[in-house]
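Everything on this sheet refers to the single structure shown next.
What follows is calculated from the coordinates using simple rules that are stated; it is not laboratory data. Since this is a predicted model, take the numbers as computed values, not measurements. Glycine gets a Cβ as well: all are built from the backbone with ideal geometry, and neighbour counts include every protein chain shown.
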Amino acid sequence: MPFPFYLQILGSGSAIPRNNKNHTSQLLVYNNKYFLIDCGEGTQHQLQKFKINFQRIDQIFISHLHGDHYLGLAGLISTMNLLGRVKPLQIYGPPGIKEVIDLHFSIAKARSAFEIQFISTQDKEKKLICEVKDVNVYSFPLKHKIPTTGFLFEAGSNWRKMIPEKLEKYEVPKHLRAGIAAGKDYTRENGEVIPNEELTLPPPEKRRYAFCSDTAYFESLSEKIGCSLNLMYHEATFIEEDKKSAKEKYHTTAAQAAKQALNTGAEKLLIGHLSNKYPNEELSLKEAREVFKETYIAEEGEKYEI
Ligand SMILES: [Zn+2]
């Protein structure tokens, strides 16, 4: 059985928050490991509302430094500190994020008791930035007014699946089995080499989620991501009749977001960051579904299996 791998939406609103529409933030969970993606204002309240033990978050990924994507960070760090956190926290984000957070704590004459490690992202090319417990995280470039990256999460074990009948047939000793699962061949006492492929099956296909934060539409996104996806989140601030505004403001329309899901070979698309100017979300959903049927609105509190 693969480990549970899911995304929980904490905030999916656009720049001006509304009742029940919070600033961008998402929790990604794989095998009990928690990752936070963006941390708009109000994120710590959302974490509490959904009864998520936020001290379990050890890595936070920030897409860009527009306030609606990171202004909750200083508050969340302060609360983690007040609640006695000691283990380190890693924050991945564009250059400048360390400066902003350091400035806040220096003016407030506050100091966190735990170590905060800042890791700068770059918006030029796809890059592996974090490897933890069978999860690889890559940043990839987006096209916004300021440096912005998306994040690709790839999760799954590298262990090959052993075939019990074959292990028995070739009398593979128990103490060598971890090596076999890792891909080694087995040499019998008589010198005969049993190739690993005879003893094992390949590990299950990795599962992948890509978070595409604020961005204009651009053709090469699927190339930048570089793999197919089980789940994609893409902003969809505007609808097609406001395509011009989308371009000027470096945002995307619902139809364009759907096109990106199609180009990337995603199984399922979540859209969010919808502008408040539209009376209901159905307009965006309908528009996106005409291009990519498996589109859903990213609903706050909802969990999506990956
Ligand atoms: Zn933005």
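List the aspartates and glutamates whose Cα lies under 15 Å from the Cα of LYS127, skipping any in the same chain that are fewer than 8 positions away.
GLU154, GLU223
Enumerate the amide H contacts of GLU267 below 5 Å, restricted to partners 5 or more residues apart or on another chain; note that Pro and chain-start residues carry no placed amide H.
LEU229, ASN230, LEU231
I'd like the orientation of helix 254-264 relative to the chain: the angle between its Cα long axis and the longest Cα principal axis, in ° from 0 to 90, rounded to 10.
The angle comes out at about 20 degrees.
Expressed as an acute angle from 0 to 90° and rounded to the nearest 10, what is the orientation of the C-alpha long axis of helix 282-291 relative to the principal long axis of the chain?
50
Going by C-beta contacts inside 10 Å, put MET232, MET80, MET162 in order with the fewest on the left.
With the sparsest Cβ surroundings first, the list reads MET162, MET80, MET232.
Relative to the present Cα-Cα distance, how much length would full extension add between LYS277 and SER157 at 0.36 nm per residue of separation?
In short, 38.8 nm is gained.
Rounded to the nearest 500, what is the chain's calculated 222 nm mean residue ellipticity when only DSSP H runs of at least 4 contribute -39500 (n - 2.57) each, over all residues?
Value at 222 nm, helices only, nearest 500: -6500 deg cm²/dmol.
Using the structure shown, select from LYS124/LYS249; LYS184/LYS206; LYS33/LYS243 the pairs with a Cα to Cα distance greater than 27 angstrom.
Over 27 Å Cα-Cα: LYS33/LYS243.
Give the separation of the Cα centroids, region 39-81 to region 194-209, in Å.
Region 39-81 and region 194-209 have Cα centres spaced 37 Å from each other.
Could you run the Karplus curve 6.51 cos²θ - 1.76 cosθ + 1.60 with θ = phi - 60° over region 187-204 and give me ³J(HN,Hα) per residue in whole Hz, x for Gly and Pro?
9, 6, 4, 7, x, 5, 9, 9, x, 3, 4, 6, 9, 9, 10, x, x, x
Based on other C-beta atoms within 10 Å, arrange ILE271, ILE119, ILE60, ILE52 from fewest to most.
ILE119, ILE52, ILE60, ILE271
Taking region 31-104, which trypsin sites (Lys or Arg not before Pro) meet the DSSP loop condition and have no more than 11 other C-beta atoms within 10 Å?
Sites meeting the loop and neighbour criteria: LYS51.
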